[in-house]
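Rule-based calculations on the coordinates, nothing more; no lab input. Quick caveat, the model's predicted, so the values are computed rather than measured. Counting neighbours? That spans all protein chains shown, and the Cβs are built from the backbone with ideal geometry, glycine included.
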Amino acid sequence: MGSESLAEFELLVMLAALRLGPNEAYTVSIVEDIRGRTGRSVRRANVFTALRRLEEKGLVSTRLGDPRPERGGRPPRLVAVTGEGAAAVHATTRAIQAMVGDLALGEARAAAGATESRG
Amino acid sequence: MSAPGWARWLLGRLAGADRVDEVLGDLEETHRDRVARRGRPLASVLTALETLDMAAALLREPRRGRRAFRTPARADIRSASRSKRAAVSWLDLKLGARMLSRYPGVTIVGGLAMMIGVGLGAGYLEIVNDFLHPNLPLEDGDRIVGVQTWDAAENDPELRTLHDFLVWRDEVASIQDLSAYRSIERNLGPTGGDAEPARGAEITPSAFRVTRVRALLGRPLIDEDGREGAPPVVVLGHRLWRSRFGGDAGIVGERVRLGASTGVVVGVMPEGFAFPVSHDFWTPLQVDALSYAPREGPPIRIFGRLAPGATLEEARAELTALGSRAAADLPATHEHLRPRVVPYTELFVGGGGSGRAYAVQFLFVVVLLILASNVATMVFARTATRENEIGVRFALGASRGRILAQLFAEALVLALAAAAIGVAIVAQGAGWVTRLFWQVTERETPFWLDGRLNPTTVLYALLLAVLAAVVAGVLPGLRATRPGLQTRLGHPAGASGSAMRFGGLWGAVIAVQVALAVLVLPPAIIAISALAEAERADAGFPTDEYLSARIELDPERPPADPSAGEEFAAAFEARYEELRRRLLEEPGVSGVTFATRLPGMDHPNPFVQVDSGGAGAGITAPRWVMSTSVDPTFFDAFGAGIVAGRGLRSGDAAADPPVVVVNETFVRQILRGRSAIGRRVRSTGRVPGPWQEIVGVVSDLGMDTDRDAFHPGRGPGIYHPLRRGDLAAGGSRSVRVAFHVRGDPAAFAPRLRELARAVDPSLRLYDVLPLDRPLDAGNRTQRLVARFASWTTALVGAIAVLISIAGTYSVMSFTVSRQTREIGIRIALGADRRRIVRAVFSRAMLQIGAGLLVGTAAWFYFMVYVLGGGDEIGLLVTTAGVLMLVGLAACGVPVRRALRIQPTEALREVG
């Protein structure tokens, strides 16, 4: 496959960074984006660590932005997805889509529930 | 609005230069957003939690030389196990945190025990430091010093030092602006309106230069105000200005009433300024006008600021030299006087007991060790259930030190969490206790108490937490990993049951706790119920129909010689007799009486001896009684019946030999029912008082409601006739008045003030209250202290019970679970269940029984033999019974579990 495959949380972070774009993606905005779209509670520390790991792998690059008053005059560290990162996102989502295929997920859930109650 | 300072500091320290902007900006942005959406309180909590989370993430950063973080997995545990190093790692702490939620019983009870232990130790240190070594919240406050004159012959401070002050003020070079003050109480208010007592200081104007605090309005006192013949002026404190003058911004230049005279307000000081201690107004101390001989005059306190460049030692040397010179020049008065320079606050609290106060700390360490050894019992039982895990670790090659380090880390997490809660409670409660302490000892709250936690206290709490963790984690760990055990532990599937056993030490610990609970709980219950009873104690008369007040008067100028004092005492008596006359003219008022103490108040309690009055039975041993001086109308005013002899008469104050009246309890307890009339009593002490003849016995009036927890409101009492000399209170005179009022006594209070003002505007009235309430600040504080002490005792007792139950439970649970197979097999073989139960219970009962026995014996020794109680044995039996039942219940659960085991299961485990 060649491209790095991403864990679920990393995938969410990468997708948020892609959606926000290189001028608006940073830890706080990524946390808000994931929280708003998935309804999951996301810890800022986890996003911070994930971004650090992704940067080490070369999947994202970072730079300091302009100082902002709402941040007490401090700049955010803006995140841009690298080419390699975009490839990893692509490979991971394709793998998921391939696995989902034409599987009807609603029926699958009902079937799984029935199996459990019998067991 | 911005994020908490500690969070910025913490993350700033951890983030490193390349990440600091990012991390702090994120913190700021998130916090501000939260404050806007959820309000400040919730936002602060959430930000605090997130900051700790972030801090943990930053600690795991590889940049700072730590291991790269991975999700902790079995691989981590394995690698931690393999390590031969004994150091505590981050992972150990994380595993320790996990243990807290896995064993909630140990966490809650153990955490509570450690919280109490660490909290007590840290709280004590905080209070001692706040009391003995406070920070003076003034500019360069540590350079303000006090000059105290010590009387080496009496071993007491000598405060009549005006003469010396004038000498020192001119000569001392190492202290600048040497100042003096004396506390005064004056009726203060608008000239036309109500003037009520306020506490102020007659102070040399230089004192305001010492404090370096500017006036909020107008000016402070200046040197001209202190010159002889200067117009009378006053500077008001912020609190007084707000309460009595409604914060009037135009007050400067106004004339106000000040005792018998008036004065012009020249300034108002800012909020919080109550220098020298807790003073609300300041007038100039005109020392130049006072020409007192050495060791005469009013008591004053002297202070100043160390001159630039001068040290405390230099000032000490200079004053010592001046002291030696005075001793040579004035040997009659100054031979034993030693001036000494002390940090300012030591003028009031003294520094002598400092060493002892810190030595008591050792006791708290012992308490912590006892509590921690309890937790060790529980931790040992828990460790035993983890034999397999420990065995696997040994098998993987972990050293003993490595495993001990992990057990220590687990206990440390618990201890640190407990210490954090303990310190938080101390932060809330210590200020309150210090203020109470001041109220009890000095009856005032000094301005320098700020209620903030000392950093030393936090460090000390950390130290105690580590100590507790060593006892609770390492000691059981040492037992659980004894070299002999390792080989067996290495085979976790071994079928022969556990290799671990509880030693006799744990049993002893449980026994000691049960004994402690027996000893502490009944007195605590008695004290609490006695306090509740004190609120309803029968005073012997309808307390809600009487109004009372304390009346005080100061001489305008401190008298220089004793004869002037006698004159002043006569003037005071004339004033209060005039007040009595005017009161009796009021409709609805009757039975006006004066006394030094009124029923229901805290009374002085001397020791007295009684002689047989010539009957040949000799003199009794000193006995403790309560005493008060009352005027002849006292018994009539409260409707106390004369049981034998007579009451007091107007000539009794001058009677020779002196006469007294005693109450019925005195006859019952001290004379054991024999006739009192004609017998003589005297107070004991270094110099015994004169013999006084008992001329009458009156029915009991509540003399004290708190002092004797076993018999609230009752006690042997002596009534002396009221003499002028009884009314001296420092330089001033003080007496209490009480009278019957038809209707609501509280509603009569304003009229009483009016009448007193009409008699003399400088008569001060305090605590104008109906007699059904705690009568003065002393009484209220005393009740507060009694309540605090008894609830604390009850709490300690309850926790001792809780911990001993938890200890018993964990030991029993452990022992029974070790015998489960054996029990199962015995049942399978047809053994009698009752016999099995008896065998299992006997050990626990032995421990609890031993504790009860020791506790009861100690109880009898202290309560019955030493303190002379005896009618509370029912309560003791009940407590012991309840403890026994609770102990049985603690054993019951594991035993039931063992009895329910199926024989087949038991046999399968053996196979």
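Give the separation of the Cα centroids, region B:387-427 to region B:593-608, in Å.
Using only Cα atoms, the two centres lie 58 Å from each other.
Take every Cα pair under 8 Å in chain A that's 6+ residues apart, average their separations, divide by the length, and report that relative contact order as a whole percent.
On the way: 121 pairs, mean separation 34.7, N = 119.
Relative contact order of chain A: 29 percent.
Quick one: compute the contact order of region B:272-417, relative version, from alpha carbon pairs under 8 angstrom and 6+ residues apart, as a percent. Intermediate values should be presented prior to the final figure.
Numbers: 34 pairs, mean separation 17.6, N = 146.
So the answer I get is 12 percent.
Cut-off is 10 Å between beta-carbons; in what order do B:541, B:208, B:788 appear when sorted fewest neighbours first?
Sorted ascending by nearby Cβ count, the order is B:788, B:541, B:208.
Net charge within 14 Å of residue B:39 by Cβ-Cβ distance, Lys/Arg positive one each and Asp/Glu negative one each, not counting residue B:39 itself? Working shown, then result.
Numbers: positive: B:32, B:34, B:37, B:38, B:40; negative: B:33.
For residues surrounding residue B:39, the net value is +4.
Of all alpha-carbon pairs in region B:141-344, indicate the percentage at a distance above 29 angstrom. Write down the numbers at each step before the final one.
On the way: 5835 of 20706 pairs.
It works out to 28 percent of all Cα pairs.
Hey, in the GNM for chain A with a 10 angstrom Cα cutoff, which one of A:21, A:36, A:73 fluctuates hardest?
A:73
Tell me which residues come under 5 Å, amide H to amide H, from residue B:198 once H is placed; ignore anything under 5 positions away on its chain.
Placed amide hydrogens put B:186, B:187, B:188 under 5 Å from residue B:198.
Given R₀ = 45 Å, what would the calculated FRET efficiency be for residue B:456 paired with residue B:37, taking r from the Cβ atoms and rounding to 0.05? Kindly include the intermediate steps, with their values, before the conclusion.
Values: r = 39 Å, r/R0 = 0.87.
The value I calculate is 0.70.
Percentage of Cα-Cα pair distances in chain A greater than 25 Å, rounded to whole percent? Don't skip to the answer; put the middle values down first.
Values: 2482 of 7021 pairs.
Beyond 25 Å sits 35 percent of the P(r) for chain A.
Averaged over peptide A:66-79, how many Cβ atoms belonging to another chain are found within 10 Å of each residue's Cβ? Intermediate results must be reported in sequence, preceding the final value.
Details: counts 0, 2, 3, 3, 5, 10, 12, 4, 10, 3, 5, 7, 1, 0.
Mean shielding by partner chains, rounded to a whole number: 5.
Please state the charge dipole magnitude for region B:284-381, taken about the Cα centre, from unit charges on C-beta atoms (+1 on K and R, -1 on D and E), reported in debye and rounded to the nearest 20.
On the way: 8 positive and 8 negative charges, 50 e Å.
Dipole magnitude for region B:284-381 comes out near 240 debye.
Taking the Cβ of each residue in B:447, B:860, B:281 as the centre, tally the other Cβ atoms inside 10 Å and list the residues starting with the fewest.
Working: B:447 18, B:860 15, B:281 25.
Listing B:447, B:860, B:281 from fewest to most nearby Cβ atoms yields B:860, B:447, B:281.
Taking the Cα centre as origin and putting +1 on Lys and Arg beta-carbons and -1 on Asp and Glu beta-carbons, what dipole magnitude results for region B:543-776, to the nearest 20 debye? Numbers along the way, then the final one.
Values: 29 positive and 32 negative charges, 134 e Å.
Roughly 640 debye for region B:543-776.
Out of residues 5 or more away from residue B:258 or on other chains, whose amide H comes under 5 Å of its own, with H placed 1.01 Å from N in the peptide plane?
The answer is B:263.
Calculate the dipole size of chain A relative to its Cα centre from +1 charges on Lys and Arg beta carbons and -1 charges on Asp and Glu beta carbons; express the result in debye to the nearest 20. Please report the intermediate quantities before stating the final value.
Values: 17 positive and 14 negative charges, 91 e Å.
Using only the charged Cβ atoms, the result is roughly 440 debye.
Near residue B:346, within a Cβ-to-Cβ distance under 13 Å, what is the net charge of the other residues, with Lys and Arg +1 and Asp and Glu -1? Kindly include the intermediate steps, with their values, before the conclusion.
Numbers: positive: B:301, B:316, B:340; negative: B:142.
Around residue B:346, the surrounding residues sum to +2.
For chain A, set up a GNM with springs between Cα atoms under 10 Å and report which of A:50, A:87, A:104 has the largest fluctuation.
Among A:50, A:87, A:104, the largest mean-square fluctuation in the Gaussian network model of chain A belongs to A:104.
Would you pull out the residues with amide H under 5 Å of residue B:307's amide H, same chain only if 5 or more places away, H placed 1.01 Å from N?
B:175, B:176
If neighbour count is taken as other Cβ atoms inside 10 Å, put B:334, B:720 in order from fewest to most. Intermediate values should be presented prior to the final figure.
Numbers: B:334 23, B:720 20.
By the 10 Å Cβ count, ascending, the order reads B:720, B:334.
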